[in-house]
Amino acid sequence: MDTDSIPEEEKRRVKLIVVLLVGPPGSGKSTFCNHVMRASSRPWVRICQDTINNGKLGTRAQCLKNAARALKDEKSVFIDRCNLDRDQRAEFVKLAVSGIDVHAVVLDLPAQVCISRSVKRTAHEGNLQGGKAAAVINQMLQKKELPKLSEGLARITFCQNNSDVQDAICAYSALGPTETLPGGYFGQKSPDAKTQLGILKFLKKLDGPAYPRPDLCCPEGSLSNHITQEMQTRPEGVGHASLLSGTHLDLKDRKHLAAESVGAAVALNSIGDCAAFDNAPTLAFPSISTADFQFDLEKASEIIVETVLEYANKLRNFRLVLVDLTHKSKILSLVKAKAAQKNINSNKFFTFVGDITRLFSEGGLHCNVIANAANWRLKPGGGGVNEAIFTAAGPMLEAATKEQAKSLTPGRALVVPLPSTSPLFSREGVTHVIHVLGPNMNGQRPNCLNNNYDEGCKVLKEAYSSLFEGFLSIIFRTELMSAQRNGKKLRTDQPELQGHNDKFQENGLSSDQKTKGAIIYEAEKNQKCKGYSKYKVGLVDADSQGGKEHQDLECDGGAAKGWDIWAQSLYHIAMHPERHENDVLESFCDVAVVINDLYPKAKRHVLVLARMEGLDHLADVHQEHLQLLKIIHETGIRWAENFLQDDASLIFRLGYHSAPSMRQLHLHVISQDFDSVHLKHKKHWNSFNTAFFRDSADVIEEVSRNGKATLRDDESLLSAELRCHRCRSAHPNMPCLKLHIRKCQAPFPPPLLQNDRLVQAPTKASANP
DNA sequence: GTTCTAGAAC
DNA sequence: GTTCTAGAAC
């Protein structure tokens with residue numbers, strides 16, 4: 001974005017950032033910068049010492065000079081050099097003056113990875129390639145000194161694998177010109193480590209707030225034993241978090257904070273699995289209705305665990321944290337016990353003792369969303385969590401809330417994006433507050449249910465479902481905003497879809513976090529449906545979707561569910577893209593994965609896989625997956641457009657097979673030349689050129705309107721006569737058809753030219769209305 | 001999803 | 001001889 005296009009008043013608020021990339025050659029520093037710069041709406045300058053001198057190696061002084069010049073031009077800066085030790089970083093840290101933050105992004109990938117990348121390079125800017133790379137990198141890593149906040153850095157993000165890198169790219173890509181990221185340590189790494197430390201070592205050596213590992217259950221007996229022993233000797237109320245935050249913190253100055261695994265029975269598969277959740281979107285929530293509203297604790301804990309269980313498998317990478325101020329909290333013990341019984345994944349759900357308004361600053365637990373046990377008037381005061389949150393957030397929370405709704409009914413949740421000026425945002429990294437109103441059993445408070453627990457349990461369940469739905473929708477909207485920031489808008493002129501777009505723009509992480517439309521989340525009342533993001537704009541009546549034949553989307557943990565082994569390869573790639581690095585073209589913000597079709601049926605044919613359990617095929621798609629469908633669509637469009645840059649003569653169609661052979665929802669992005677040796681059978685042709693193929697834009701429209709897509713999976717479509725997709729002429733067999741389509745240049749049938757079903761180069765599109 | 005095979009149809 | 005189809009195996 002050109003700074004000239006930023007309005008004057010905005011310009012004054014532009015928040016500049018200097019990001020020092022820290023990592024040896026081959027760690028992906030330049031790639032990181034390029035990804036962010038391509039996707040970001042903020043102006044960036046990449047300063048690379050390897051090329052700064054007219055394309056040749058330059059000096060640190062030149063880098064500094066260029067950085068200062070870029071900042072003067074109100075451009076944020078990437079310092080793309082190794083920056084491996086403190087001295088190398090020091091001069092750049094001095095660029096931090098008023099209004100300019102200096103961050104570090106540490107690309108701490110295994111040395112072998114960096115060496116292997118460097119060895120393979122053929123055109124590295126610094127001419128470090130081939131065999132000498134290994135020696136140089138090993139030498140450099142000997143001197144590595146991980147950065148610390150005390151050097152003067154405002155934020156340090158540690159990336160230890162590709163997934164961490166992707167997350168960091170997303171975080172920086174999503175930053176508008178006036179935004180910044182919360183300060184502190186992100187990711188987990190002891191700044192004192194020279195090499196990858198054993199996990200216990202690095203947990204004990206953190207020198208500042210970092211994510212604690214409350215959920216730590218190590219498969220190796222030695223570690224868990226060690227921790228158990230330490231817990232036995234620590235002062236009461238001081239849990240893992242304090243232990244993990246290490247010896248540099250004065251425990252006396254801290255409130256007693258304890259993070260506790262609620263699923264201790266579940267051992268993690270590997271330490272890597274723990275790390276995957278460190279940067280996951282996290283919702284911290286208090287127990288609803290059990291304090292002032294005097295709801296029965298036993299029943300409440302049952303409902304919490306039951307609802308968490310339903311949501312825990314809906315998305316791969318997020319965390320839910322039940323928070324209470326006191327270690328002796330009965331509700332925490334009850335929930336802990338019940339969650340352990342149910343074997344809930346302790347990465348995704350755990351309890352935490354602490355002040356919900358100071359989880360990061362005092363407990364090192366970063367939660368980007370917190371829930372408020374609100375009152376029906378959505379007003380501050382009244383003590384408890386409500387008063388604490390309104391006080392900590394400042395008056396802007398009341399104003400932001402008021403803009404959205406004046407009151408809340410029991411069982412509902414209201415998502416309020418927090419203005420970036422709020423201390424909760426800047427200090428704790430909280431981007432949204434979700435107000436929740438639970439059922440009341442206290443005669444001294446409004447809407448008392450007089451011990452009617454049939455109704456009470458129903459309402460409490462709705463309250464938690466609404467809360468979790470609100471949280472998941474924030475994740476989806478954030479992903480979508482990120483997609484839109486890539487400079488592409490959803491390709492649809494459907495008024496209904498446009499409306500959804502507007503909603504996202506209003507309620508996503510906009511630069512000033514302002515919102516207009518109110519989104520009230522309500523639980524799906526039909527217990528048969530386990531959908532999770534049904535939302536409506538404005539204050540709406542709670543109505544049931546009643547009678548809809550929703551499928552149970554519960555996760556099966558990877559079981560075949562009737563799919564043969566050969567049909568599961570896409571599923572495995574979607575669930576574990578890190579294990580298929582050679583196949584994965586792009587992993588988009590943990591939501592979608594792009595791969596080449598193994599047997600492409602055209603010159604260009606890629607698949608966009610949904611990274612969500614339980615979405616085996618189009619039949620599993622419902623209203624709650626709308627955002628995901630849009631992200632997949634957007635990703636597909638982006639790939640089509642990339643291909644068009646290479647070959648403007650191509651035309652793409654995006655869609656789903658009504659009844660795919662392979663498990664895991666996947667979007668086909670396929671060029672319409674159908675020029676491929678793999679296109680052999682009638683079934684191949686008809687699966688892309690009859691109603692069996694459902695255009696992505698139509699699917700989105702149908703799901704948005706009807707909550708599901710129309711499927712045309714009758715076998716007769718696949719065995720229908722062969723017809724050219726352009727001129728509709730019939731052909732006796734595949735060779736004849738293939739001969740014909742090679743030369744047929746007839747315009748596409750009118751239905752294909754509507755609703756953006758075809759993606760083509762702009763000049764072609766205008767010539768082919 | 002693919003490959004392979006056998007037999008039918010042309 | 002070539003193409004198509006269906007079924008089995010993976």
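For the reader, a short list of remarks on this structure follows.
- Residue match in the stretch A:625-637 (condition: of a type in the set (D, E, K, R), at negative phi, more than 14 Å from DNA strand B (Cβ to nearest atom) and in contact (Cβ under 8 Å) with a residue 12 or more places away in the chain): yes
- For the stretch A:594-631, the set of residues classified as under 20 Å from A:SER687 (Cα atoms) and assigned to a helix (DSSP H, G or I) consists of A:LEU618, A:ALA619, A:ASP620, listed by residue number.
- Filtering A:GLN645, A:GLN664, A:GLN623 for residues that are in the same structural domain as A:ARG757 (by TED's automatic domain parsing), away from DNA strand C (no atom under 16 Å from the Cβ), of a type outside the set (A, V, I, L, M) and in contact with a Leu (Cβ under 6 Å, 6 or more places away or on another chain) leaves a single hit, A:GLN664.
- Leading residue by the ranking (modelled with the highest pLDDT) among those in the stretch A:46-87 that are under 19 Å from A:SER98 (Cβ atoms) and not hydrophobic (A, V, I, L, M, F, W, C): A:SER76
A quick yes/no check of all residues on (1) in contact with a Phe, Trp or Tyr (Cβ under 8 Å, 6 or more places away or on another chain); (2) within 16 Å of DNA strand C (Cβ to nearest atom); (3) not assigned by TED's automatic domain parsing to the domain that holds A:ILE631:
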| site | (1), (2), (3) |
| --- | --- |
| A:ALA697 | no, no, no |
| A:ARG712 | yes, no, no |
| A:GLU715 | no, yes, no |
| A:LEU737 | yes, yes, no |
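- Test: residue in the stretch A:740-752 that is outside any loop (DSSP other than H, G, I, E, B) and within 16 Å of DNA strand B (Cβ to nearest atom): no
- Exactly one residue among A:GLY394, A:GLY364, A:GLY382 is at positive phi, free of Cβ contacts under 8 Å to residues at least 40 places away in the same chain and surrounded by 15 or more Cβ atoms within 10 Å (Cβ to Cβ), and that residue is A:GLY394.
The values are calculated or read from the model by the stated rules, or taken from the named source; none is laboratory data. Here the structure is a predicted model, which means the values were calculated and not measured. When we count neighbours, we look across all protein chains shown, and the Cβ atoms used for this are built from the backbone with ideal geometry, even at glycine.
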